[in-house]
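Structure, as structure tokens:
Bear in mind these aren't lab numbers, they're just calculated from the coordinates by the rules spelled out. Values in this document were obtained by computation on a predicted structure and should not be read as measured data. All Cβ positions, even for glycine, are placed from backbone atoms using ideal geometry, and neighbour counts span all protein chains on display.
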Amino acid sequence: MASSVISSAAVVAARATPAQASMAAPFTGLKSASAFPVVVTKKSDDITSLASNGGRVQCMKVWPTVNNKKYETLSYLPPLTDEELAKEVDYLLREKLIPCIEFELEHGFVYREYNSSPGYYDGRYWTMWKLPMFGCTDSAQVLRELDEAKKTYPSAFIRIIGFDNVRQVQSISFIAYKPEGY
């Protein structure tokens, strides 16, 4: 008689389809708090919690944000010197990017004129100054082209961009020159 008594759980398991048999186990609750690390709070006068950006430069002052138009990468900094521009272009070349110079005569900043939907901005497309500098190996070549563009269009915004010819995207872009008053 004992052999003919079967539990209802065994009957359900015997009738389960292969898909049901491979289903994950149901949620069994949260893990205990002992598995999580203990948070240590620092005292407010602890000097080791001061902000730093890597240890070499501390408390660097940025360009004023009030009534300051947003341009490109690095636009929060004061205008770059020729030496700083050369270093940026050297980085661009080290990363195997193709330098190109673009200019904009009307707006050098992001603005909205024709559409107010999220993510849409006017002023994204600029005019290319000559062709991209394929085969460029020296930042001085780019800076000479930048000077020529400044002489030709002194009232234009000029930026240097870097194309990645493998991924076929623009990888870097920064303002190299702003006209007087900006």
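Karplus-based coupling profile of region 137-144, in residue order and whole Hz: 10, 9, 5, 5, 5, 5, 5, 5, with θ = phi - 60° in 6.51 cos²θ - 1.76 cosθ + 1.60 and x standing for Gly or Pro. Binning all Cα-Cα separations of region 130-179 at 5 Å, short to long from zero, yields these whole-percent fractions: 5, 18, 27, 27, 15, 7, 2. Using the Cβ-Cβ distance between PHE134 and HIS107 with R0 set to 35 Å, the FRET efficiency from 1/(1 + (r/R0)^6) comes to roughly 0.75.
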